[in-house]
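See below for the structure under consideration.
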Amino acid sequence: MNKPVNQKAWFFVLPVLLLVAFNAIVPLMTVVNYSVQETFGNNEFFWSGVIWFEELMRNPRFHDSLGRQFTFTLTILAIEIPLGVIIALAMPRKGIWVSVCLVLMALPLLIPWNVVGAMWNIFALPEIGLLGKTLNTLGFDYNYTRQTGAAWFTLITMDVWHWTSLVVLLSYAGLVSIPDAYYQAARIDGASPWAIFRYIQLPKMKRVLTIAILLRFMDSFNIYTEPLVLTGGGPGNSTTLLSIDLAKKALGEFDLGPAAAMSLIYFLVILLTSWIFYTLMMRNEEQ
Amino acid sequence: MDFLFDAQWWTQPLGTWMAWTRATAAFFIFIAAAITTMGLVERAYPGGSPRRGIFAIDTTRGDRLFITLLGSAFIFLGWLFFFGTPLWWPLVICLIWGAFVFLFV
């Protein structure tokens, strides 16, 4: 059968293409152009070659913030993904409590990022905050404005509080889509709860979990607002994640060249990690 | 054609918007040309020639271009980290890497 070919539909894509060009492609190309030049303001540029890349690749400050970024991202993934799956498994599948649970779960996701940062900032203050004061009263020496460990603890707890819900909602969506027949078959076979989880629920949740991990990876790798409001990157530089370091360079020190080079390396790291992860997950999918 | 070997010609600013230089423009023209070539090859031989290469991942022609470019970026960065400039050797490595990816991955 000959299908009619109508290429006019492409014209409907043009507005989106234009929009994407101006909010993504043009800025990205500009960043590439900045990354090989030096500017002293006044929109004047001088060629500097790959010197910013060379400097960054050997810069301990960059290594440190990249290391902190990976530590942060891997830690929150290691907590949020299992925790999200456990909560999703514990949530009811039928009845009035379903809506209640879903709304409660969605609440943290609705709060703007800077508000989350501000909330936790006050919540964790050692003298007046509920969390900080309680911990200190219980005898823990806790002050996130002075102690690196406490700052990290607060930062990770805040992210877990804010984003585990996303994993829960996605996993829950995966769970409720499993037909009852699977569970019936498992009951007939006398499968243990662990076997049901391992051989029915987990494989069926795989696609949504892939999305969840990818989203959480990229979001946490780009995280800026919350740690900035909570700790401002301190004490010292101990919670200065990559994006905070980048903003300091680009906006604070106005080093557009090095900042552009840093953005590109940042972009490449995210691209590589996401690609590897996606490829691995999809390869197992087909086996 | 002497200007092609003139570093000044390649690197001087071309106006202020987006801070273009001929060198960076050439970089983007190269990327655009690579993608266009993929389109033309796809038109001549549709289907993307999918296969499972030596890394045991399924790739099409476009995937192989992506892997080549992304890998090349990291080869250059790695070279800068270990040896610094100039970048002629990593360029050679990237060409070998590209050939390897298109033949075996």
Residue within region B:29-38 that is surrounded by fewer than 12 Cβ atoms within 10 Å (Cβ to Cβ), over 12 Å from the mean Cα position of the chain (by Cα) and within 12 Å of chain A (Cβ to nearest Cβ) present: no
Determine if region A:278-287 includes at least one residue that is without any contact (Cβ under 8 Å) to a residue 24 or more places away in the chain, surrounded by fewer than 19 Cβ atoms within 10 Å (Cβ to Cβ), within 14 Å of chain B (Cβ to nearest Cβ) and outside any helix (DSSP H, G or I). yes
Just to verify a result, which residue in region A:88-122, among those that are among the aromatic types (Phe, Trp, Tyr) and within 23 Å of the chain's Cα centre (by Cα), is surrounded by the most Cβ atoms within 10 Å (Cβ to Cβ)? A:TRP120
Any residue in region A:1-28 that's under 25 Å from B:ALA19 (Cα atoms): show its pairings with residues that are assigned to a loop (DSSP other than H, G, I, E, B) and among the basic types (Lys, Arg) at Cβ separation under 9 Å, as long as the two are six or more apart or on different chains. none
Name the helices (runs of 4 or more DSSP H) wholly inside chain B in which the number of residues that are within 26 Å of A:TRP275 (Cα to Cα) is 1 or more. B:22-44, B:61-82, B:88-104
If you check every pair at least six apart or on different chains, which have Cβ atoms under 8 Å apart with a residue in region A:82-106 that is among the basic types (Lys, Arg) first and a residue that is surrounded by fewer than 15 Cβ atoms within 10 Å (Cβ to Cβ) second? A:ARG93/A:VAL176
Hey, any hits in region A:38-47 for a residue that's assigned to a helix (DSSP H, G or I), of a type outside the set (D, E, K, R) and either more than 26 Å from the chain's Cα centre (by Cα) or more than 26 Å from B:ALA26 (Cβ to Cβ) (or both)? no
Flag for A:PHE72 being within 14 Å of chain B (Cβ to nearest Cβ), buried (at least 17 other Cβ atoms within 10 Å of the Cβ), in contact with a helix residue (DSSP H, G or I) (Cβ under 9 Å, 6 or more places away or on another chain) and not small (Gly, Ala, Ser): no
Among the helices (runs of 4 or more DSSP H) confined wholly to region A:146-263, which include 1 or more residues that are under 18 Å from the mean Cα position of the chain (by Cα) and more than 16 Å from A:ALA78 (Cα to Cα)? A:148-176, A:202-221, A:225-230, A:242-247
Take region A:34-65 and flag every residue that is crowded, with 16+ Cβ neighbours inside 10 Å, more than 10 Å from chain B (Cβ to nearest Cβ) and of a type in the set (S, T, N, Q). A:SER65
Tell me, yes or no, whether region A:30-39 has at least one residue that is farther than 16 Å from A:LEU264 by Cα and of a type in the set (Val, Ile, Thr). yes
Selection count, region A:19-33, where residues are within 8 Å of another protein chain (Cβ to nearest Cβ) and either loosely packed, with under 13 Cβ neighbours inside 10 Å or of a type in the set (A, V, I, L, M, F, W, C) (or both): 3
Working carefully through the options A:VAL229, A:VAL168, find the one that is under 16 Å from A:LEU89 (Cα atoms) and surrounded by 14 or more Cβ atoms within 10 Å (Cβ to Cβ). A:VAL168
Would you confirm whether or not region A:12-29 contains a residue that is modelled with pLDDT under 90 and assigned to a loop (DSSP other than H, G, I, E, B)? no
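The values are calculated or read from the model by the stated rules, or taken from the named source; none is laboratory data. Note that the coordinates shown come from a computational prediction; the quantities given were computed from them, not determined experimentally. All Cβ positions, even for glycine, are placed from backbone atoms using ideal geometry, and neighbour counts span all protein chains on display.
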